Every structure is written in structure tokens, then in C-alpha cells.
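Asker: One structure follows; several queries about it will come next.
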Amino acid sequence: MDYKQKAAELVGQMTLEEKTSMLSGKTTWDTESIDRLGIASLMMTDGPHGLRKQNGAADNLGVNDSLPATAFPPAVTSASSFDRSLVRLLAETLGEEAQAEKVSVVLGPGINIKRSPLGGRNFEYFSEDPFVAGELGSVYTAGMQSKGIGVSLKHFAANSQEKYRFVSDSIIDERALREIYLSAFEKVVKEANPWTVMSSYNKLNGEYTTESHRLLTEILRDEWGFDGVVISDWTAVNDRVEGVRAGLDLEMPNSGNFLDKIVARAVRNGELEEVALDACVQRLVELALKSAANIVEKTFDVEEHNAISRKIATESAVLLKNEDNILPLKNGAKIAVIGEFAKKPRYQGAGSSRTNPLMLDNPFDALVSLGLDVTYADGNDLNEVKMLAETSDIVIAFAGLTDDYESEGFDRETLAMPENHNAMIVAASAANKNTVVVLQTGSPVVMPWSADVKGILLAYLGGQAGGSAIADLLVGNVTPSGKLAETWPLRLEDTAAYKYFGTENRNVEYRESIFVGYRYYDTVGLDVAYEFGHGLSYTNFEYSNFKADKNGASVTVTNAGTVAGAEIAQIYVIAPSDSKVSRAAQELKGFDKVYLEPGESKEIRFVFDDRTFAFYNVENAAWEVEAGTYEIKVGASSRDIKGSVELAVTGVDLPALASTDYDDLKAQIGADGILNISDAAYESVLGRPIPAELPKKPYTQNTTLGDIQHTLIGKLVYKVAKDKTEATLAANEKEGEEDDGWRKMMETSMNENPLRALSMMSEGMVPPAKLQGMIDLLNGKVVRGIVNLTKTI
């Protein structure tokens with residue numbers, strides 16, 4: 001079927017009201033249907049690493065129960081595999097479960113850049129590097145859609161923090177926007193053709209992404225050729241008429257259809273051209289037709305999917321430290337296992353991606369099943385930890401971050417782990433020098449005890465089979481092969497965005513520009529705990545015969561050890577030493593994972609493309625290659641370089657470009673070690689004055705609930721919202737289960753939600769006019785407020 005032609009025919013038969021009814025969801029997860037024209041509803045669900053289909057009470061934060069599904073490792077984990085085929089397998093397998101549940105679109109993958117390790121949803125995202133995010137996002141998308149299930153590529157765009165996510169404004173210079181924050185989206189759109197893209201909550205350079213014509217039409221559709229549907233993040237819509245004009249096709253979820261009526265009114269009074277509406281509706285009908293054609297009867301093998309989840313967890317774990325080859329565990333050793341995470345693992349993140357697992361193992365039981373001599377302590381009694389450690393040959397301490405430390409809805413405030421986790425490790429390592437730490441966390445942590453332990457195995461969040469994966473790695477059934485897709489800094493103050501992330505300002509200034517992650521640390525020469533691309537193995541690899549030309553590079557990797565293993569070779573490009581452009585010290589431009597038996601060698605080939613040597617020239621609004629001599633390096637990590645060659649590259653001869661303030665970035669680091677970009681330097685790269693913070697008054701629909709808590713109306717609204725939050729938490733409380741950070745997530749979201757969310761989440765009880773009436777009263781406009789309170793739209 002030619003979906004485009006058929007959709008155009010159907011739109012031509014619709015009334016205005018039918019067209020506008022398509023613009024918002026029928027329910028929290030379903031789109032609207034038009035039965036008389038044979039246009040069926042389609043279902044969408046979270047999430048990127050496990051299906052979260054809700055048959056009962058629906059919500060978009062992951063609080064209410066969902067049907068059991070395989071809980072795969074999240075993106076922070078699978079990215080560490082650096083294995084395109086493995087990430088594709090994850091998406092294909094998840095697609096099969098979507099088929100079985102008649103789900104047409106899965107809301108993922110999330111490919112936002114990890115600007116700061118404090119980002120609350122970093123566990124949902126692949127990397128600090130846009131090349132990695134784009135490569136893995138592309139294979140995920142291709143894998144899912146090969147099963148006839150659409151993805152929703154998210155969150156478009158520049159949505160790198162949770163704090164004030166509904167009202168924040170990401171202020172980013174054009175070059176950083178193109179090179180860092182948009183390039184992964186561009187790659188996925190061009191290479192994998194996602195069915196849908198999800199716009200983000202935030203503003204970008206002064207415009208909400210849901211109503212940015214430049215972002216949704218000029219860049220996404222006109223430049224990149226996207227021809228799918230743009231969906232709002234849940235309750236993200238600010239101005240529905242502007243959204244239609246910009247190219248936002250679908251508002252989710254249903255908000256009482258009030259915004260649909262406002263769009264219809266705008267068409268009737270000439271404020272909105274009907275052709276813009278028709279374009280949105282046609283794309284929605286195309287998606288409905290395509291989804292209906294791909295619905296099949298499907299079942300899946302639960303055990304097979306669990307085995308795949310286990311494989312992903314095993315091949316993604318990162319061996320950070322292995323002093324004296326403390327791992328793998330020696331036969332016959334008496335092992336102390338300490339820490340609650342050994343029996344109650346942290347296997348996924350909190351929020352909308354939370355999956356109700358079909359089954360769940362744990363590391364302790366998995367170790368016992370392998371016949372090891374293990375004794376357990378939960379780690380809360382330090383005297384017990386000390387005595388057990390002293391009487392054991394080796395200690396395996398399980399620690400990390402709990403859900404109240406990292407979650408959707410709020411950002412982390414520190415890189416520290418819970419103090420009781422640190423205290424447990426310190427006590428164990430003081431009593432037994434043969435201590436190994438297994439970390440279960442969704443993002444980097446500082447490790448004040450790292451010098452006092454012999455081994456650190458970073459499991460990240462391993463999904464439902466993560467316990468068995470950890471056991472396999474500890475005993476050597478599988479050799480660790482994961483590497484870091486993000487830098488682990490020594491301290492929070494060393495991060496480039498330290499001064500500019502998570503502040504109370506609604507304007508979020510990306511002053512570090514292109515210098516994100518390793519691009520910053522390597523450019524200024526900062527020591528880090530563990531560099532980007534780092535990861536150890538139980539075997540050794542040798543690199544030889546490294547070559548490069550204009551088309552690509554090649555290197556031979558040999559397993560020089562005694563056990564089978566896998567190595568991830570990485571290609572980095574260094575710009576000419578006389579470059580006229582401020583460039584990072586190096587940029588990742590290729591990676592591949594190769595599996596080798598002992599003594600085996602394989603040649604790895606890397607293909608260069610039109611972006612390998614390019615930068616975004618703001619003055620010409622184009623990607624350009626600067627002529628000159630580039631250095632091409634191959635490494636086992638960003639700082640473990642195995643070979644390099646120089647390569648003359650043809651391109652344009654550049655004049656000195658306007659902004660050179662970032663040429664000596666190290667000079668802008670203060671005596672305290674903190675990067676401090678001056679206003680003048682930031683304005684130079686930004687190309688305009690730094691935008692001023694919007695005033696808190698008069699109150700608007702984007703005033704947060706927290707901003708009005710001191711007012712009488714604010715107190716009343718806050719009480720209603722809090723009572724609803726408490727009721728939701730109580731209804732989903734399970735005996736013996738901890739809070740899991742839900743309360744913190746919901747309370748933070750409640751405080752930082754804009755007032756317009758009251759209308760969108762009220763299920764029709766608070767239409768926009770009544771909301772405006774309340775805002776009028778807050779602003780002291782009593783008569784106008786009372787009039788608006790009597791209106792129905």
C-alpha cells in the first residue's frame with residue numbers, strides 16, 4: 001500500500017473536527033481513531049529497554065503497575081558493549097514483545113548527550129559522545145523497526161537535565177548544537193528512518209521545542225529528510241496552534257481535547273492555515289495505516305529473552321580495576337559477599353522506563369548456584385563486615401546508587417554514593433586487602449576507597465538477568481569486554497558544566513560549548529578516575545599494522561593472552577596543529593568490537609565519512625573540512641593509544657574565524673580547578689548577548705507550582721496535587737518494598753511542573769480558560785479571572 005497516497009485521500013474526506021481530533025491521544029497511550037474512515041487507533045508504550053504496557057491505571061512516570069516484560073539492561077549498560085549487533089539484538093527482541101502485546105510504537109531510544117554525570121536520566125542515554133549515541137541509536141532503530149514496530153527517537157533536543165525540565169531554556173551556541181546535541185539525531189534520522197521523533201519538554205534558545213519551526217521543520221524535515229511523525233513528550237505542549245504551525249503532529253496524552261478545539265477555532269478564524277493542519281494529520285494517518293498493517297499474532301520465548309538480557313549484561317560490564325589479577329575468583333576460595341545489592345540488586349533506573357520484570361535473579365544466588373563457598377552479610381553492621389572479611393579469602397562488596405539518588409524527575413546533587421555503602425567498603429578493605437567492589441549504578445560515582453581495593457567491576461544496571469551476568473564475570477566463565485562510553489571524573493568540580501548545570505536559573509547556559517566529556521578533559525589535560533573508552537580484560541591484546549588513508553583506517557588486533565576475549569578498538573582524530581578553528585584535543589570517529597580466541601588475530605577496518613574531519617562552520621551554516629594534516633590514532637581507550645599516523649586531508653582554507661575565545665580553554669580554569677567561562681567569551685561563541693532570565697511575575701501558564709506555593713491559591717492547588725501524589729503512591733505500595741525514589745521523583749516533578757500541566761493532566765476538569773482564570777486571580781485581575789473561570793474552553 002502507498003501509505004502516503006492513501007493518507008492524503010482519507011484526509012481529504014475528513015471534517016475539520018475529525019482532523020483536529022487526530023492531534024491528541026485518545027488515552028494516555030492510544031491515538032485517536034476515525035471509525036467511519038477505517039482509521040484505527042494505535043498503541044504506544046515506554047520504554048527503551050523494556051515494555052511498560054499498562055492495562056490498568058495509566059501514568060507517564062512509571063508509578064502504576066505494568067504487565068510483566070523482559071527488563072533488559074538500559075542504554076548506559078548496553079552502550080558499554082560498544083557492540084552494534086548486540087544493541088540491535090536488544091531492540092529486535094524488545095520489538096518481538098511489542099508485537100505480542102499489539103504495541104505499535106516503543107518510546108525510545110533516548111540519545112541525549114550526557115552533558116554532566118549528574119543528569120537524572122543518564123542511565124537511559126548511551127553516551128557523552130555524539131558519534132557513539134548516533135551509531136547505537138541507528139542500529140537500535142533499525143532493529144526495532146525490522147519487526148514492524150516504530151521507535152520514537154527522543155528527546156529532541158538538548159534535553160540534558162531533569163531540573164526544571166518543563167520550563168528550562170537550553171542556551172546553546174550553534175556549533176555546539178550541531179556538533180554535539182543534534183548530530184546523533186541527524187545520523188539516526190538519515191540512516192535508520194525512525195517512524196516517530198519525540199520532542200522534548202524544554203525550550204531551546206528561547207523557543208519550546210514543541211513549537212520550534214526551525215527545529216521540527218527546517219532542520220528535522222527540510223535538512224535531514226525526516227518524513228515521520230513528531231510526538232510531544234507527555235504533557236509537554238505549551239501552545240498547540242504554534243505547535244501545528246511548527247510541525248508538531250501529535251500531542252500526548254489526551255488533555256480533554258481542549259487544545260484540539262483551540263486549533264479548530266484558529267483554523268476557522270484564519271489564525272492557522274488549514275494546510276498546516278492537513279500536513280500534521282496526513283502524517284498521523286500514514287502512521288496509523290502503517291501500524292495497522294504491521295500488527296501480527298506473536299508469542300515469544302520468555303527464557304530465550306532472559307538469556308539475551310543476560311548476554312547483554314555480561315558483554316557490557318566494565319572491569320575498571322584488577323590489581324594482582326584478583327579476578328577471576330580462584331577455585332576453592334572462601335568468599336565473603338557483603339551488601340544488600342547482592343540479594344536485592346539495582347537492575348534498572350526509576351521513572352517512565354521502569355519495567356515489571358518477567359523474572360529476576362540476583363548475584364548471591366547466582367554465585368551459590370555455581371558451587372562457590374560464599375557467606376553473606378548485608379553490610380549494615382560494620383563489625384559484622386569486619387569479622388566476615390577477616391575470616392574470608394576474598395571479599396566481594398556490592399554497592400552503588402539507590403533509586404533516590406538517580407531517577408527521572410530530578411538530577412543528582414553529588415557524585416557520592418550513599419555513605420553507608422562507602423563505609424561498608426572501607427570496613428571490608430581495611431580488614432581484608434583482597435576486596436573487590438561490584439558497582440550497580442546508572443552513572444559515574446566518586447570512589448574514595450578505590451586505592452584500597454584490588455578490583456572494581458562496574459556492572460552498571462544489568463536488567464533482570466544481571467545477577468547471573470555478574471557471577472559469570474566474577475568466576476571467569478566470561479571475560480569482561482565492556483568499556484566506558486562516558487568519562488568517570490575524579491571530582492564533580494572537574495566537570496566542564498560544573499558551574500552551569502543544575503542551578504536555580506531557568507536559563508541553562510551551555511557555556512562549555514563543544515567541550516563535553518572527554519573532549520574537555522583531554523583538551524585541558526585533566527586527570528580523571530577512568531577515561532572514556534577504558535575497560536580491562538582477563539586477557540591481553542596487541543595492536544599492529546595500523547594504517548589510514550582518506551577512505552578509512554585498519555589495524556590488526558591479536559589476543560596475546562591465554563583466554564578468549566573481546567577488544568574494542570577506537571579511532572580518534574586530531575585536527576591540524578595550525579587549525580583556525582577551536583577544536584577538541586581529539587574526537588572519536590570509529591569503533592569496533594572483535595572477539596578473539598587465544599593467539600587469534602583479526603584485521604579491523606574503519607570507514608571514514610563526510611563528517612570524519614568536518615566541523616560545523618557557523619558563518620557559512622555548513623559542515624566543512626579544513627585542509628591540513630590530521631593525526632589519526634587507534635587506541636584501547638581515549639588515553640591508551642596503540643598507534644598513530646599523519647594524514648594530509650584536502651578541504652577548504654579557512655580565514656581566522658570570529659570566535660577564538662575557546663582556543664586556550666585551560667586558561668579559563670581557576671585556581672580552584674573549576675572552568676569559568678567569562679560572559680564575553682560566551683557571548684562571542686554564542687553570537688549574541690546572553691539572554692536574561694525571565695521575571696517570575698506576572699504569573700503565566702509556565703510559572704511553576706513551586707513559584708506560587710506562598711500564595712493562597714498556590715497552597716490550595718499544592719494540597720490537591722500532594723494529596724493526589726500520596727494517593728497514587730499508596731495505591732502502588734507493595735508490602736516489603738521500599739519507596740524506590742518515587743516520592744522524591746513525584747514531589748520534585750510536582751514542584752517544577754508549570755501551571756499549564758494542571759490543565760493537561762486534569763482529564764478535562766481544568767480547561768485552558770479556567771487555568772487562565774486562576775492565573776488572572778494570582779496576578780490580582782479579579783474580574784477577568786472570574787470571567788475566565790466561567791468559560792468552558
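The values are calculated or read from the model by the stated rules, or taken from the named source; none is laboratory data. Worth saying up front: this structure is predicted, and the values here are computed from it rather than measured. Reconstructed Cβ throughout: ideal geometry from the backbone, glycine too, with neighbour counts over all protein chains shown. Ligands, DNA and RNA are excluded from the accessible area calculation, which covers all protein heavy atoms including side chains. Shrake-Rupley method; radii C 1.70, N 1.55, O 1.52, S 1.80 Å.
Asker: Hey, can you tell me all the residues within the stretch 295-323 that are in contact with a Lys or Arg (Cβ under 8 Å, 6 or more places away or on another chain) and open to solvent by 50 Å² or more (accessible area, probe 1.4 Å)? Explain how you work it out, then say what you get.
Answerer: The first filter runs over the stretch 295-323 and keeps only residues in contact with a Lys or Arg (Cβ under 8 Å, 6 or more places away or on another chain), leaving 295, 318, 321-323.
Of everything in the stretch 295-323, those that are in contact with a Lys or Arg (Cβ under 8 Å, 6 or more places away or on another chain) and open to solvent by 50 Å² or more (accessible area, probe 1.4 Å) turn out to be Ile295, Glu323.
Asker: Just need a number here: residues in the stretch 360-375 that are in contact (Cβ under 8 Å) with a residue 24 or more places away in the chain and open to solvent by 60 Å² or more (accessible area, probe 1.4 Å).
Answerer: In the first step, residues of the stretch 360-375 are kept if they are in contact (Cβ under 8 Å) with a residue 24 or more places away in the chain; the result is 360-367, 369-370, 372-375.
Cutting the leftovers down to open to solvent by 60 Å² or more (accessible area, probe 1.4 Å) gives us 360, 365, 369-370, 373.
Final tally of qualifying residues: 5.
Asker: Condition check: of a type outside the set (Lys, Arg), open to solvent by 40 Å² or more (accessible area, probe 1.4 Å) and within 30 Å of Gly785 (Cβ to Cβ). Does Pro695 satisfy that? Before you say what the answer is, go through the steps one by one.
Answerer: On the way: of a type outside the set (Lys, Arg): yes; open to solvent by 40 Å² or more (accessible area, probe 1.4 Å): yes; within 30 Å of Gly785 (Cβ to Cβ): yes.
Spelling it out, Pro695 is indeed of a type outside the set (Lys, Arg), open to solvent by 40 Å² or more (accessible area, probe 1.4 Å) and within 30 Å of Gly785 (Cβ to Cβ).
Asker: Of all residues being modelled with pLDDT of 95 or more and assigned to a loop (DSSP other than H, G, I, E, B) in the stretch 649-669, which is most open to solvent (accessible area, probe 1.4 Å)? Just the residue, please.
Answerer: Thr650
Asker: Pairs needed: first member in the stretch 481-497, of a type in the set (Lys, Arg); second member anywhere, open to solvent by less than 10 Å² (accessible area, probe 1.4 Å) and in a helix (DSSP H, G or I); C-beta distance under 7 Å; at least 6 residues apart or different chains.
Answerer: Pairs found: Lys483/Ser80.
Asker: What pairs come up if the first residue lies in the stretch 297-324 and is touching a residue at least 60 places away in the same chain (Cβ under 8 Å) and closer than 18 Å to Asn362 by Cβ, the second is among the acidic types (Asp, Glu) and assigned to a helix (DSSP H, G or I), and their beta carbons are under 6 Å apart, counting only those six or more places apart or on different chains?
Answerer: Between residues of the stretch 297-324 that are touching a residue at least 60 places away in the same chain (Cβ under 8 Å) and closer than 18 Å to Asn362 by Cβ and residues that are among the acidic types (Asp, Glu) and assigned to a helix (DSSP H, G or I), the close pairs are Thr314/Asp472.
Asker: Can Phe131 be described as among the aromatic types (Phe, Trp, Tyr) and surrounded by fewer than 24 Cβ atoms within 10 Å (Cβ to Cβ)? Let's see the steps before the verdict.
Answerer: Numbers: among the aromatic types (Phe, Trp, Tyr): yes; surrounded by fewer than 24 Cβ atoms within 10 Å (Cβ to Cβ): yes.
Against the criterion (among the aromatic types (Phe, Trp, Tyr) and surrounded by fewer than 24 Cβ atoms within 10 Å (Cβ to Cβ)), Phe131 qualifies.
Asker: Being touching a strand residue (DSSP E or B) at 6+ places or on another chain (Cβ under 7 Å), over 30 Å from Tyr521 (Cβ atoms) and open to solvent by less than 20 Å² (accessible area, probe 1.4 Å) is the filter here, so list the residues in the stretch 71-123 that pass it.
Answerer: Ala71, Leu94, Glu97, Ala98, Val103, Ser104, Val105, Val106, Leu107 - these are the residues of the stretch 71-123 that are touching a strand residue (DSSP E or B) at 6+ places or on another chain (Cβ under 7 Å), over 30 Å from Tyr521 (Cβ atoms) and open to solvent by less than 20 Å² (accessible area, probe 1.4 Å).
Asker: Can you tell me which of Asp378, Asp361 is of a type in the set (D, E, K, R), out of contact with any Pro (no Cβ under 9 Å at 6 or more places or on another chain) and on the phi < 0 side of the Ramachandran plot?
Answerer: Asp378
Asker: OK, next. What number goes with the only condition from (1) part of a loop (DSSP other than H, G, I, E, B); (2) open to solvent by less than 30 Å² (accessible area, probe 1.4 Å) that Leu10 does not pass?
Answerer: Looking at each condition in turn, Leu10 falls short on (1).
Asker: Right, another one. For the stretch 626-644, enumerate the residues that are among the β-branched types (Val, Ile, Thr) and open to solvent by 40 Å² or more (accessible area, probe 1.4 Å). Even if it seems obvious, please write down each step before you answer.
Answerer: First, the residues of the stretch 626-644 that are among the β-branched types (Val, Ile, Thr): 629, 632, 634, 641.
Once the filter is applied, which keeps residues that are among the β-branched types (Val, Ile, Thr) and open to solvent by 40 Å² or more (accessible area, probe 1.4 Å), the stretch 626-644 yields Thr629, Ile641.
Asker: Anything in the stretch 154-193 that is closer than 27 Å to Asp239 by Cα, in contact with a helix residue (DSSP H, G or I) (Cβ under 6 Å, 6 or more places away or on another chain) and among the charged types (D, E, K, R)? List them, or say none.
Answerer: Asp173, the sole residue that qualifies.
Asker: Those residues that are open to solvent by 50 Å² or more (accessible area, probe 1.4 Å) and in a helix (DSSP H, G or I), I need them from the stretch 13-41; list them, please.
Answerer: As a first pass, look at the stretch 13-41 and keep what is open to solvent by 50 Å² or more (accessible area, probe 1.4 Å): 13, 15, 17, 26-27, 35-36, 38.
Matches in the stretch 13-41: Glu17, Asp35, Arg36.
Asker: For the stretch 440-466, which residues satisfy the criterion of being free of Cβ contacts under 8 Å to residues at least 60 places away in the same chain and either crowded, with 17+ Cβ neighbours inside 10 Å or closer than 29 Å to Val302 by Cα (or both)?
Answerer: Applying the first criterion (free of Cβ contacts under 8 Å to residues at least 60 places away in the same chain) to the stretch 440-466 yields 445, 448-449, 451-452.
Once the filter is applied, which keeps residues that are free of Cβ contacts under 8 Å to residues at least 60 places away in the same chain and either crowded, with 17+ Cβ neighbours inside 10 Å or closer than 29 Å to Val302 by Cα (or both), the stretch 440-466 yields Val445, Trp449.
Asker: When residues of the stretch 257-281 are filtered for being assigned to a helix (DSSP H, G or I) and among the acidic types (Asp, Glu), how many remain? It would help to see each step written out before you state the result.
Answerer: The first filter runs over the stretch 257-281 and keeps only residues assigned to a helix (DSSP H, G or I), leaving 258-268, 274-281.
Now restrict to residues that are among the acidic types (Asp, Glu): 260, 274, 278.
Of the residues in the stretch 257-281, 3 are assigned to a helix (DSSP H, G or I) and among the acidic types (Asp, Glu).
Asker: Now, a different point. Filter the stretch 601-622 down to residues that are among the β-branched types (Val, Ile, Thr) and modelled with pLDDT of 95 or more and give me whichever is most open to solvent (accessible area, probe 1.4 Å).
Answerer: To start, the set of residues in the stretch 601-622 that are among the β-branched types (Val, Ile, Thr) comprises 604, 607, 612, 618.
With modelled with pLDDT of 95 or more added as a condition, the list becomes 604, 607, 612.
On the way: Ile604: 6, Val607: 122, Thr612: 6 Å².
It comes out as Val607.
Asker: Quick check: anything in the stretch 164-171 closer than 23 Å to Val685 by Cα, surrounded by fewer than 24 Cβ atoms within 10 Å (Cβ to Cβ) and among the β-branched types (Val, Ile, Thr)?
Answerer: Yes: one or more hits.
Asker: Taking the stretch 342-352 as the search range and keeping residues that are open to solvent by 20 Å² or more (accessible area, probe 1.4 Å) and within 24 Å of Met387 (Cα to Cα), which one is farthest from the chain's Cα centre (by Cα)?
Answerer: If we take residues in the stretch 342-352 being open to solvent by 20 Å² or more (accessible area, probe 1.4 Å) and within 24 Å of Met387 (Cα to Cα), then Lys343 is farthest from the chain's Cα centre (by Cα).
Asker: Can you tell me which of Leu289, Leu329, Leu284 is outside any helix (DSSP H, G or I) and in contact (Cβ under 8 Å) with a residue 40 or more places away in the chain? Let's see the steps before the verdict.
Answerer: Details: Leu289 fails: outside any helix (DSSP H, G or I); Leu284 fails: outside any helix (DSSP H, G or I).
Checking each option against the conditions leaves just Leu329.
Asker: Hey, another quick one. Determine if the stretch 71-79 includes at least one residue that is at pLDDT 95 or above, closer than 18 Å to Ala184 by Cβ and in a loop (DSSP other than H, G, I, E, B).
Answerer: yes
Asker: Still on this model: What strands (runs of 3 or more DSSP E) completely inside the stretch 394-468 contain at least 1 residues that are farther than 24 Å from His534 by Cα?
Answerer: Working: elements: 394-400, 435-440, 455-458.
Strands (runs of 3 or more DSSP E) meeting the threshold: 394-400.
Asker: Do we have any residue at all in the stretch 133-144 that's under 15 Å from the mean Cα position of the chain (by Cα), within 20 Å of Thr441 (Cα to Cα) and charged (D, E, K, R)? Spell out the reasoning first.
Answerer: Quick first cut of the stretch 133-144, residues under 15 Å from the mean Cα position of the chain (by Cα) only: 133-138, 140-141.
This time we only want the ones that are within 20 Å of Thr441 (Cα to Cα), so: 133.
With the extra rule that they be charged (D, E, K, R), the set shrinks to none.
So far as the stretch 133-144 goes, no, none of its residues is under 15 Å from the mean Cα position of the chain (by Cα), within 20 Å of Thr441 (Cα to Cα) and charged (D, E, K, R).
Asker: Can you find even one residue in the stretch 700-722 that is modelled with pLDDT under 90, within 26 Å of the chain's Cα centre (by Cα) and open to solvent by 70 Å² or more (accessible area, probe 1.4 Å)?
Answerer: No, that holds for no residue.
Asker: Can you list residue pairs whose Cβ atoms sit under 6 Å apart, with the first residue in the stretch 777-793 being within 18 Å of Thr711 (Cα to Cα) and part of a loop (DSSP other than H, G, I, E, B) and the second being at pLDDT 90 or above and open to solvent by less than 80 Å² (accessible area, probe 1.4 Å)? Count only pairs 6 or more apart in sequence or on different chains.
Answerer: Asn779/Tyr699
Asker: Answer yes if at least one residue in the stretch 395-405 is polar (S, T, N, Q), open to solvent by 10 Å² or more (accessible area, probe 1.4 Å), in contact with a Pro (Cβ under 9 Å, 6 or more places away or on another chain) and modelled with pLDDT under 95, and no otherwise.
Answerer: Here is the first cut: in the stretch 395-405, the residues polar (S, T, N, Q) are 402.
Next, from what is left, pick out any that are open to solvent by 10 Å² or more (accessible area, probe 1.4 Å): 402.
This time we only want the ones that are in contact with a Pro (Cβ under 9 Å, 6 or more places away or on another chain), so: 402.
Next, only the ones that are modelled with pLDDT under 95 stay: 402.
For the stretch 395-405, residues polar (S, T, N, Q), open to solvent by 10 Å² or more (accessible area, probe 1.4 Å), in contact with a Pro (Cβ under 9 Å, 6 or more places away or on another chain) and modelled with pLDDT under 95: present.
Asker: For Asp472, are the conditions met, namely being under 21 Å from Thr314 (Cβ atoms) and open to solvent by 10 Å² or more (accessible area, probe 1.4 Å)? Write out each step before concluding.
Answerer: Details: under 21 Å from Thr314 (Cβ atoms): yes; open to solvent by 10 Å² or more (accessible area, probe 1.4 Å): yes.
The answer is yes for Asp472.
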